[in-house]
1. Pop out the carbon and sulfur fraction of the accessible area of the chain as a percent, whole number, probe 1.4 Å.
2. For Asn280 and His186, what does the FRET efficiency come to when R0 = 25 Å and r is the distance between their Cβ atoms, rounded to the nearest 0.05?
3. Output the Cα-based Rg and Dmax of the chain in Å, rounding Rg to one decimal and Dmax to a whole number.
4. Please identify, among Ala19, Ala309, Ala65, the residue showing maximal mean-square fluctuation in a Gaussian network model of the chain using a 10 angstrom Cα cutoff.
5. Would you look at the GNM of the chain, springs on alpha carbons closer than 10 Å, and say which of Asn118, Asn257, Asn17 moves the most?
6. Averaging sequence separations of C-alpha pairs under 8 Å and six or more residues apart, then dividing by the length of the chain, give the relative contact order as a whole percent.
7. Let's see if you can work this out: charge +1 on each Lys and Arg Cβ, -1 on each Asp and Glu Cβ, no other charges. What is the dipole magnitude of the chain about its Cα centre, in debye to the nearest 20?
8. 5 Å is the cut-off here: which amide hydrogens, built 1.01 Å from N in the peptide plane, fall below it relative to Tyr150, excluding neighbours closer than 5 in sequence?
Amino acid sequence: MTAVTADSQEAYEAVFNAAVAADERIEPRDWMPEAYRATLIRQIAQHAHSEIIGMQPEANWITRAPSLRRKAILMAKVQDEAGHGLYLYSAAETLGVSRDELLDKLHSGRQKYSSIFNYPTLTWADVGAIGWLVDGAAITNQVPLCRCSYGPYARAMVRVCKEESFHQRQGYEALLALSKGTPAQHAMAQDAVDRWWWPSLMMFGPPDDESAHSAQSMAWKIKRHSNDELRQRFVDICVPQAESLGLTLPDPDLRWNEERGHYDFGAIDWSEFREVLKGNGPCNEQRITQRRRAHEEGAWVREAAAAYAAKHSDRKTGDETRETGEATA
Ligand code: BYC
């Protein structure tokens, strides 16, 4: 971003607006409007929280995966989600908030995580449906975020999307195996898709005319597409994939619209979405209780890591002192 010479607020704002208009990246040390910073903190924190809460429904199946191969794959995937949380908390920290503060807001319900993770994983097929639909929806939403105007978030998204694309394929492959298996396995796959389809469409957020933040976030080039545009893109991708899987999407109104060049789909039950956001989804309480417990039980790990880092940095200072021949205080 070009250096700011004038010190007036308008001059800073003009430089910021010009950088956004020119598709340049805003970096942590650049001046930015406070509302831009707050919007990014809200979205990135919510995204980070979703990654770590999202570990729970899938981790539920690690001990019961049907083979060693499936278990190894699932463990790697759940571990990837933890990694995504770490990149995202680090990106949020560049905006001047601490990870402790963000976790505290998650644990006290002052920040959200994605609605999708408040649904239970009832059978092994749910792991496949999450990979195919939930990770698929996440990629559709996150690929445009690789071009987000805020540099650290955009860069984190590049790696996240590469990993999500593996996740999506493993889910598709696991569902395909079930769909082509015994009639009972096929029925299990169909049941999982029936339960995960509509909540996956809700992941994209409320319809455009009810989306409080979309207009401003798109003007700032944080979001590149509206919630409804991305939802439509996802439906268009999923319909042929469902056909290849030999599974049916649970929507009788789903049909190709030649004129629009898109699939039409049925009405989403937004009252369900609002209830889940209010904390009344099937697993809201379980997810947050488990998260708080994991945080408390992990206190000794954080303390040990901090003590190790402090010891390590003392030793490093000692080494440098020896090298320069300076006396230590
Ligand atoms: N769930 O004005 P809007 C993953 C809230 S993790 C809950 O449209 P915005 C994975 C919204 O926050 C993937 N809340 O908002 C992990 C706002 O409330 P506040 C997670 C939602 O921000 C493990 C209000 O509704 N992905 O892939 O412009 C295993 C009005 O909405 C939801 C991300 O986080 C929702 N679904 O647009 C497997 C992507 N939708 O904050 C997979 C990054 C909306 O004013 N985030 N709300 O209280 C985004 O792209 C945007 O934040 C959204 C919403 C599209 C989600």
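The values are calculated or read from the model by the stated rules, or taken from the named source; none is laboratory data. Note that the coordinates shown come from a computational prediction; the quantities given were computed from them, not determined experimentally. Because the Cβ atoms are built from the backbone with ideal geometry, glycine has one as well, and the counts that use them run over all protein chains shown. We work out accessible area using only protein heavy atoms, side chains counted, and drop any ligands, DNA or RNA first. Shrake-Rupley method; radii C 1.70, N 1.55, O 1.52, S 1.80 Å.
1. Numbers: 9250 of 16970 Å².
For the chain, the apolar C and S fraction of the accessible surface comes to 54 percent.
2. 0.15
3. 22.6, 79
4. Checking each option, the largest mean-square fluctuation is seen for Ala309.
5. Greatest mean-square fluctuation among the candidates belongs to Asn257.
6. 16 percent
7. Dipole about the Cα centre, nearest 20: 960 debye.
8. Ile26
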